[in-house]
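Following: one structure in structure tokens, then a few remarks.
The values are calculated or read from the model by the stated rules, or taken from the named source; none is laboratory data. Note that the coordinates shown come from a computational prediction; the quantities given were computed from them, not determined experimentally. In this analysis, Cβ positions are derived from the backbone assuming ideal geometry, glycine residues included, and neighbour counts consider all displayed protein chains. The area values use the complete protein model at the heavy-atom level, side chains included, leaving out ligands, DNA and RNA. Shrake-Rupley method; radii C 1.70, N 1.55, O 1.52, S 1.80 Å.
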Amino acid sequence: MNLRVLFHNNCFDGACSASLFTRFHRDCIGTASSYDYKGLMHKAGPAFDEADFSGDENAIVDFKYSNSPKVTWWFDHHQSAFLSEEDRQHFELELQKSAVDPPKYVQPKKFFDPLYVSCTGYIADMTRDYYGYDTSDLRELIHWANIIDGAKFESAQAAVELVAPALQLMSVIESVNDSTFIPRLIPLLTSQPLLTTLQENFVQAELQPRLEKHQRDIALLRSRVSADRGVITFDITDQPTEGYSKFIPYYLLPEDVYVVGLSKSSFRTKISVGTNPWTTVPADHLANIAAICERYGGGGHARVGAISVPVDQHEEAVRIAAEVTAELKALGQKNVLPTDPA
């Protein structure tokens, strides 16, 4: 049997989640003779194509819910995990299949908890609690997945200057455009230390150009960012890019609280919305970014999210970005947030 694992593409936590799930399934379930991988991206329109579920069995990790009968396993921690109320109800019915009274009890295969920092950590805990799986040798991987996906960096400098091996791997994973790269990387993430993985020849071949691109991204954003009433804004849609570090704006303007950025890739215009992980504004005064993005068909977490607009609808993307910016500025003004001294 072939098991296809669908994961959040160009995402460190997505790749780590796919790797940890694969190892768990191989070691603990053992029904698959092979595994293959498909990266999924948030985009305007339907999140899934039924053709994506081509395995004899299919799993989704770190991505939205699908009610397809072809999907057997699902793990996610995003607040915006369900595309519709119908999907949420379908998931709840799936949970009911795991009866509480033995011998009817069936170990669950679909899991959701938006309070978890990373999907990798969530998979580790759920497979331990429900299947007795031991991931204690993967502490390094889980540690960095929590830091990176939860934006738990010590400082903006640590997030942007990319000294740690995990952060260098992150820089490649988040921007690589070769559809074969991450599937090739996934099995290595749980079979060897991150530094060893970083030193693989095929990883180094992608890393060095991306470190150079990272420096160009810093220079580009330095020339485009501005801030008003605690909100950093920028538009780099004239410089199509498949990925840049979302922490660069806070590195450049550390006193501000939110960011609304416009960027363009080959398949979408993206409105990135985020909260400065190092802000001193109390958590109960901060906006719920996922809730804001959901109103425009996007989603994410309470502190970071995104909205996708078709690549040919630039004016619509600009309009949405302006509305989100105005909402966050109003909140910033209410909380008397700092402004750009320039």
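Data for the structure
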quantity	calculated
Close pairs from segment 132-152: first closer than 17 Å to PHE24 by Cβ, partner modelled with pLDDT under 95, Cβ under 8 Å, at least 6 apart	none
Flag if ASN2 is of a type outside the set (Phe, Trp, Tyr), surrounded by 19 or more Cβ atoms within 10 Å (Cβ to Cβ) and farther than 26 Å from GLY150 by Cβ	no
Selection status of ARG268, open to solvent by less than 40 Å² (accessible area, probe 1.4 Å) and over 16 Å from the mean Cα position of the chain (by Cα)	yes
Residues being buried (at least 19 other Cβ atoms within 10 Å of the Cβ) and of a type in the set (S, T, N, Q) - total across segment 213-233	1
Pair list, Cβ < 8 Å and 6+ apart or interchain, from segment 286-306 residues that are of a type in the set (Lys, Arg) to residues that are surrounded by fewer than 19 Cβ atoms within 10 Å (Cβ to Cβ)	ARG303/PRO277; ARG303/LEU286
Selection status of LYS264, without any contact (Cβ under 8 Å) to a residue 60 or more places away in the chain, within 23 Å of ILE147 (Cβ to Cβ) and among the basic types (Lys, Arg)	no
In segment 300-324, the residues that are open to solvent by less than 40 Å² (accessible area, probe 1.4 Å) and outside any loop (DSSP other than H, G, I, E, B)	GLY300, GLY305, ALA306, ILE307, SER308, VAL309, ALA317, ILE320, ALA321, VAL324
Lone qualifier among ARG210, ARG184 - being surrounded by fewer than 17 Cβ atoms within 10 Å (Cβ to Cβ) and within 21 Å of the chain's Cα centre (by Cα)	ARG184
Enumerated strands (runs of 3 or more DSSP E) restricted to segment 7-98, each holding at least 3 residues that are open to solvent by 20 Å² or more (accessible area, probe 1.4 Å), touching a strand residue (DSSP E or B) at 6+ places or on another chain (Cβ under 7 Å) and in contact (Cβ under 8 Å) with a residue 60 or more places away in the chain	34-40
Checklist (1) under 20 Å from ILE148 (Cβ atoms); (2) of a type outside the set (A, V, I, L, M, F, W, C); (3) touching a Phe, Trp or Tyr at 6+ places or on another chain (Cβ under 6 Å) applied to SER272, failing item	(3)
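Okay, residues lined up against (1) of a type outside the set (Asp, Glu); (2) at pLDDT 95 or above; (3) at positive phi:
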{"residue": "ILE292", "(1), (2), (3)": "yes, yes, no"}
{"residue": "GLY298", "(1), (2), (3)": "yes, no, no"}
{"residue": "ILE307", "(1), (2), (3)": "yes, yes, no"}
{"residue": "ASP312", "(1), (2), (3)": "no, no, no"}
{"residue": "ILE320", "(1), (2), (3)": "yes, yes, no"}
{"residue": "GLU323", "(1), (2), (3)": "no, yes, no"}
{"residue": "LEU328", "(1), (2), (3)": "yes, yes, no"}
{"residue": "LEU337", "(1), (2), (3)": "yes, no, no"}
{"residue": "ALA342", "(1), (2), (3)": "yes, no, no"}
